[in-house]
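Chemist: Structure in structure tokens, see below.
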Amino acid sequence: MLDLAEGIGVAAFEGKVVVLDIRQDRYRAYCGELAAGLRQIASGDHQHLDPRVIERLLRLGLVSRGKYLHLRKPINTLPPVEASALEGQDGGTAAKREIVRTFLVCRRIRRDLRRKPLHEVLSRLPENGALSDPAKLTDFARTFDKAMRPLPFRPRCLPDTLAFAHLARRGGFEIDIVFGVKLEPFEAHSWAQAGSCVLTDPLEKVRRFTPIFAL
């Protein structure tokens, strides 16, 4: 059985496929028969694939024989985003203890991303919790957003998303970390979501991107 290799995500566009390789922390674009092969394998349909294409994809390390979902959630299980927890929130500030807790986690995540490979940082995140209470998760996301505002860090989607994911999962919530891409011009982004609700961004910002990898 063929599947995308561990740490590989795929987003299909017209005539082109963009690949995110978490192991190498890089994006690459493929066209032609390689793009068609990746599109088929990512969708679970690898019948009638040219064996030469399969062999090339195997040599490139983009696919493997067997399922590897330790560090990947199937993109087709993510529902389209329809709302954002941050829209319509009230004013006010976070409590001091929330600001301090958020600062410590943000500092650690940024340090880890500077010193360690991305796949290692992701593999060390807490496992997903089982709590899926939308109201409590919305409050949690808004508190995190308020706690981030006074911190001495320049906003950056990846470390901020991972910091939120760390705190949310430690709090017992079930959330997804999503990487997305767009073309013309190329841009990458990451965010956290639960079901169809974005937790770390305005809705319209996330809608600009096509999901490529989730965990």
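Chemist: Tell me, which helices (runs of 4 or more DSSP H) lie completely within the range 115-215 with 3 or more residues that are aliphatic (A, V, I, L, M), touching a strand residue (DSSP E or B) at 6+ places or on another chain (Cβ under 9 Å) and surrounded by fewer than 22 Cβ atoms within 10 Å (Cβ to Cβ)?
Modeler: In the range 115-215, no matching helices (runs of 4 or more DSSP H) lie anywhere.
Chemist: Another question, if that's okay. If you go through the range 105-132 one residue at a time, how many are acidic (Asp, Glu) and in contact (Cβ under 8 Å) with a residue 24 or more places away in the chain?
Modeler: Taking the range 105-132 first, the residues acidic (Asp, Glu) are 112, 120, 127.
Next, only the ones that are in contact (Cβ under 8 Å) with a residue 24 or more places away in the chain stay: 127.
Counting residues in the range 105-132 that are acidic (Asp, Glu) and in contact (Cβ under 8 Å) with a residue 24 or more places away in the chain gives 1.
Chemist: Among all residue pairs at least 6 apart or on different chains, which show Cβ distances below 6 Å where the first residue, located in the range 87-104, is under 17 Å from Ala168 (Cβ atoms) and the second is at pLDDT 85 or above and of a type outside the set (Lys, Arg)?
Modeler: So the pair list comes out as Ala94/Thr143; Ala94/Ala147; Glu98/Thr143; Glu98/Ala147; Ile99/Ala147; Thr102/Ala147; Phe103/Leu151.
The values are calculated or read from the model by the stated rules, or taken from the named source; none is laboratory data. Predicted, not measured: the structure shown is a model, and the values here were computed from it. All Cβ positions, glycine included, derive from the backbone under ideal geometry; neighbour counts span all protein chains shown.
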